[in-house]
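Shown next, in structure tokens, is the structure this report addresses.
Values quoted throughout were computed directly from the atomic coordinates according to the rules given, and no laboratory measurement underlies them. All figures in this text were calculated on a predicted structure; none of them were measured in a lab. Every residue, glycine among them, receives a Cβ derived from its backbone with ideal geometry; neighbour counts consider all protein chains shown.
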Amino acid sequence: MLSIQADVLSLSFMNASEINLKWKELQRKVALNFDTETPDIKVMLFLIGVQELGQGPKKFGKREKEELMHIATCRLFSEMGFYELQGLDQDGWPHWTLIKPIPNYTLLEQEMILKSLIVDYFEDILA
């Protein structure tokens, strides 16, 4: 049985099997909408980063792709109170500040947290 810390469970009422079920469905929808292979967590973070940047689809360099995934991670973890948006730079890129330390989650907990936050994110923007 998966044991996830209390603060992780508070972000969603889903248990691990529900998270995985919703994750698979989200992957299926994204793959269908983008006519691509099943996206992994990195692809989902990239898509969220592009959405949060708000500059539409375009070609991004390797460094920019990494920054987009960082933007997505900060945006997602802001839902748990770890990051706060500081504002946009002169190029329109969001900048976040860590406002409380992120606990040392196990790899499985990290994966479940990210999946849950990603599912919630897409549910919110598609609602």
Handout entry: Enumeration of residues in segment 24-40 that are buried (at least 16 other Cβ atoms within 10 Å of the Cβ) and assigned to a helix (DSSP H, G or I)
Key = LEU26, GLN27, VAL30
Practice task
Considering every residue within segment 41-64, establish whether at least one is within 18 Å of GLN110 (Cα to Cα) and in a loop (DSSP other than H, G, I, E, B).
Solution key: no
Problem - Residues that are of a type outside the set (Ser, Thr, Tyr) and assigned to a helix (DSSP H, G or I), drawn from segment 65-94 - result: LYS65, GLU66, GLU67, LEU68, MET69, HIS70, ILE71, ALA72, CYS74, ARG75, LEU76, PHE77
Handout entry: Whichever residue in segment 82-93 is of a type outside the set (Phe, Trp, Tyr) and under 16 Å from the mean Cα position of the chain (by Cα) and, among such residues, is surrounded by the fewest Cβ atoms within 10 Å (Cβ to Cβ)
Key = GLU84
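Here is a yes/no grid of residues against (1) more than 20 Å from ASP40 (Cβ to Cβ); (2) among the β-branched types (Val, Ile, Thr); (3) under 13 Å from the mean Cα position of the chain (by Cα):
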site	(1), (2), (3)
PHE77	no, no, yes
MET80	yes, no, yes
HIS95	yes, no, no
PRO101	yes, no, no
LEU108	no, no, no
ASP120	no, no, yes
Completion exercise
Among TYR83, TYR105, the single one that is farther than 21 Å from GLU25 by Cα, free of Cβ contacts under 8 Å to residues at least 40 places away in the same chain and of a type in the set (Ser, Thr, Tyr) is TYR83
